[in-house]
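As structure tokens, the structure follows; a few thoughts come after it.
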Amino acid sequence: MLSRPDVPPVRLEPWSAADLDLLRRLNAPEMMEHLGGPESEEQVQRRHQRYLTPGPAGSGGMFRVVTPADGRAVGSIGYWERDWRGETVYETGWSILPGFAGRGLATAAGAAVIVLARAERRHRHLHAYPSVDHPASNAICRKLGFDDLGACDFEYPPGRPMRCTDWRLTL
């Protein structure tokens, strides 16, 4: 749990079978606007199964973001390995339900993921790739101390090109 006074506390809990409904709520059109739009139910089910399937030790994981005061799941965050420009790095991504946005919860969850990724002592860098058109996610990266490496072309979901900001944090 994060305890800086300027950031609300959150708890990260490993993704579980009970989180399918949360994933469906995170799949709402307003949540997926910068990610190619909502996924079909079949795609959501496949994503849920991927989140439940652990990778090798040190390869990251998916988590539900929980407010400790009431135990409510308010979003998701994760980090995972990817090859990027000749280096294996961690990538991170998050999503906070609309009713909880703007409260610093994604920033708190991001800070907690940084702690987890650093503790792995496996990769030098953690990257985030928010759309250049998503000011809130870009602001979170800035608050967390990521370096802005500039705009880049990215494919997400597979087959859909998008323009992103490449944010990098040295672990």
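Summary table below
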| quantity | calculated |
| --- | --- |
| Positive-end residue, region 11-170 charge dipole about Cα centroid, Cβ charges, pick of LEU23, TYR51, GLY104 | GLY104 |
| Theoretical FRET efficiency, 1/(1+(r/R0)^6), r = Cβ-Cβ of ASP70 and THR170, R0 45 Å, to 0.05 | 0.80 |
| Using θ = phi - 60° and Karplus 6.51 cos²θ - 1.76 cosθ + 1.60, couplings along region 141-147 (whole Hz; Gly, Pro as x) | 4, 4, 4, 7, x, 5, 8 |
| Where labels lie 7 Å past Cα in the beta-carbon direction, separation of ARG50 and GLU87 in nm | 2.4 |
| Counted charge near VAL132, where neighbours are those whose Cβ lies closer than 11 Å (Asp, Glu -1; Lys, Arg +1) | -3 |
| Environment charge of ASP148, counting only residues whose C-beta is closer than 10 Å and scoring Lys/Arg +1, Asp/Glu -1 | 0 |
| Sites ALA101 and VAL132, calculated FRET efficiency, Cβ-Cβ separation with R0 25 Å, nearest 0.05 | 0.85 |
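Values in this text are rule-based calculations from the coordinates and carry no lab data. If you're wondering where the values come from, they're calculated on a predicted model, not measured in any experiment. Don't worry about glycine lacking a Cβ; one is built from the backbone with ideal geometry, like all the others, and counts go over all protein chains shown.
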